[in-house]
């Protein structure tokens, strides 16, 4: 079994913002699964189903981003899984919009949601699917307003491309081909 979490902000006004790219990825993947069931707990909304013959739980914490680790720890415990069964989808400002990068372990690189997961699990050994947000005209002093803004119409094709790549990468990972997926998607 694999546990897949998308990071984002559950408040309605942030639903379609760049910082909710992880939530958008979970929604995109869930939309392609015919036999999925949605359920809700106090700390997260989750979906149980199968992808490529692998039982998966996809979920979105209903906590603030910097408290995502609480929900992740609870879901892992509920299903008797470890950090090695965890795949985290989240936005990354250091990667070009429309691209993704996979990572097997490591620090948070300043992402508060990832840092919360590391803090609560006391481990860094989980897979990350990082969804790029960077644009050529990005200026670091605009970081907060940039990530909390909605994607523009001209960005939406790149967003769709990244979501499609994330789903394909997840399928490869579920098939047991993490290193192969990294070679393909980290180009």
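The values are calculated or read from the model by the stated rules, or taken from the named source; none is laboratory data. Computed from a predicted model, the values in this text were never measured in an experiment. Note: ideal-geometry Cβ built from the backbone for every residue, glycine included; neighbour counts use all protein chains shown.
The table below gives the values:
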item	result
Among (1) outside any loop (DSSP other than H, G, I, E, B); (2) touching a strand residue (DSSP E or B) at 6+ places or on another chain (Cβ under 6 Å) - the single one residue 33 does not satisfy	(1)
Identity of the residue in segment 1-13, surrounded by fewer than 19 Cβ atoms within 10 Å (Cβ to Cβ) and touching a strand residue (DSSP E or B) at 6+ places or on another chain (Cβ under 9 Å), that ends up modelled with the highest pLDDT	1
Total residues in segment 145-178, condition touching a strand residue (DSSP E or B) at 6+ places or on another chain (Cβ under 6 Å) and either without any contact (Cβ under 8 Å) to a residue 60 or more places away in the chain or crowded, with 22+ Cβ neighbours inside 10 Å (or both)	3
Criterion (buried (at least 21 other Cβ atoms within 10 Å of the Cβ) and farther than 19 Å from residue 32 by Cα) met by exactly one of 89, 76	76
The listed residue being touching a helix residue (DSSP H, G or I) at 6+ places or on another chain (Cβ under 7 Å) and either at pLDDT below 95 or under 15 Å from residue 21 (Cα atoms) (or both), out of 148, 179, 158, 121	148
Residues of segment 36-58 classified as assigned to a loop (DSSP other than H, G, I, E, B) and closer than 22 Å to residue 168 by Cα, total	3
Candidates 142, 92, filtered to the one that is in contact (Cβ under 8 Å) with a residue 12 or more places away in the chain and either over 15 Å from residue 21 (Cα atoms) or touching a strand residue (DSSP E or B) at 6+ places or on another chain (Cβ under 6 Å) (or both)	92
Test: residue in segment 71-78 that is touching a helix residue (DSSP H, G or I) at 6+ places or on another chain (Cβ under 7 Å), at positive phi and not in a strand (DSSP E or B)	no
Residue in segment 120-132 that is touching a strand residue (DSSP E or B) at 6+ places or on another chain (Cβ under 7 Å) and over 20 Å from residue 3 (Cβ atoms) present	yes
